[in-house]
């Protein structure tokens with residue numbers, strides 16, 4: 001695995017290069033540009049947008065904090081893998097080389113956490129662009145020469161896993177996210193899957209002049225059993241059919257004038 005990882009790093013760092021990528025990747029990998037943008041979006045979602053998106057901001061903060069802490073403080077010192085810019089004899093280094101350990105990439109872990117939370121909370125429409133940007137950040141860490149491909153792959157998966165755990169806690173305490181209240185489920189807005197309103201039987205039942213179908217069924221069932229002993233009785237010939245009233249009796253003829 002180590003030789004494959006190093007060969008893939010050499011391909012992405014020294015083989016598949018382009019002048020405009022040499023200019024773009026240092027910008028994409030610079031967290032000093034991403035942090036103010038994310039902070040501005042989080043402030044807008046918290047104060048300017050609908051209040052229902054506040055759990056998204058909280059989940060982002062918790063997931064990114066866990067991803068950064070787990071990758072930088074726990075796993076990196078335990079694994080102790082050196083960065084390629086410190087270990088490889090030939091490397092195209094486009095940014096400064098940090099002295100911290102290489103596996104996993106904290107940039108990739110944070111990017112995976114952001115993508116996982118947005119995908120889970122807001123759906124694919126908002127989450128797909130965030131996922132593309134997160135993958136671009138992961139690729140940039142290899143392109144600029146500060147991480148191996150395995151570093152960014154492990155970090156990204158770590159971020160996604162932590163985002164999933166945070167979202168499970170979010171659903172436990174706050175219920176389903178706003179993106180799950182409507183859409184492809186075929187339910188009206190505001191009705192969540194599994195709610196009593198979504199599982200209720202249709203209210204419209206075809207009725208005939210004799211009443212609804214359930215009423216006719218109950219009438220037929222009641223007519224086949226006696227109420228006293230539960231013995232089976234012959235079905236009523238009028239069960240399930242409308243009751244026809246008897247015609248009125250004819251009036252007697254008026255008395256004659258001569259009587």
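The values are calculated or read from the model by the stated rules, or taken from the named source; none is laboratory data. Here the structure is a predicted model, which means the values were calculated and not measured. We place every Cβ from the backbone using ideal geometry, glycine too, and count neighbours over all the protein chains shown.
Yes/no per residue for (1) surrounded by 19 or more Cβ atoms within 10 Å (Cβ to Cβ); (2) closer than 17 Å to residue 14 by Cβ:
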residue	(1), (2)
82	no, no
89	no, yes
112	yes, no
119	yes, no
126	no, no
129	no, no
134	yes, no
Residue count, region 144-153, condition buried (at least 23 other Cβ atoms within 10 Å of the Cβ) and either part of a helix (DSSP H, G or I) or under 18 Å from the mean Cα position of the chain (by Cα) (or both), comes to 2
Selection over region 18-40 where residues are surrounded by 13 or more Cβ atoms within 10 Å (Cβ to Cβ) and at pLDDT 90 or above yields a count of 8
Worksheet item: In this structure, does residue 74 turn out to be within 24 Å of the chain's Cα centre (by Cα) and either part of a helix (DSSP H, G or I) or free of Cβ contacts under 8 Å to residues at least 24 places away in the same chain (or both)?
Response: no
Just one listed residue, out of 58, 12, 43, is touching a helix residue (DSSP H, G or I) at 6+ places or on another chain (Cβ under 9 Å), surrounded by fewer than 13 Cβ atoms within 10 Å (Cβ to Cβ) and assigned to a helix (DSSP H, G or I), and it is 43
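Residues are listed down the side, and each one gets a yes or a no for (1) at pLDDT 95 or above; (2) at positive phi; (3) not in a loop (DSSP other than H, G, I, E, B):
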{"residue": "91", "(1), (2), (3)": "no, no, no"}
{"residue": "109", "(1), (2), (3)": "yes, no, yes"}
{"residue": "112", "(1), (2), (3)": "yes, no, yes"}
{"residue": "118", "(1), (2), (3)": "no, no, yes"}
{"residue": "127", "(1), (2), (3)": "no, no, yes"}
{"residue": "136", "(1), (2), (3)": "yes, no, yes"}
{"residue": "139", "(1), (2), (3)": "yes, no, yes"}
Flagged in region 93-107 as in contact (Cβ under 8 Å) with a residue 40 or more places away in the chain and part of a loop (DSSP other than H, G, I, E, B), in numbering order, are 93, 94, 95, 97, 98, 102, 103, 104, 105
Pairs returned, first residue in region 165-179 that is at pLDDT below 80, second residue that is not in a helix (DSSP H, G or I), beta-carbon separation under 8 angstrom, 6 or more apart or interchain, are 175/192; 176/192; 176/193; 178/50; 179/123
Matching residues in region 127-163 (in contact with a helix residue (DSSP H, G or I) (Cβ under 6 Å, 6 or more places away or on another chain) and free of Cβ contacts under 8 Å to residues at least 60 places away in the same chain) number 8
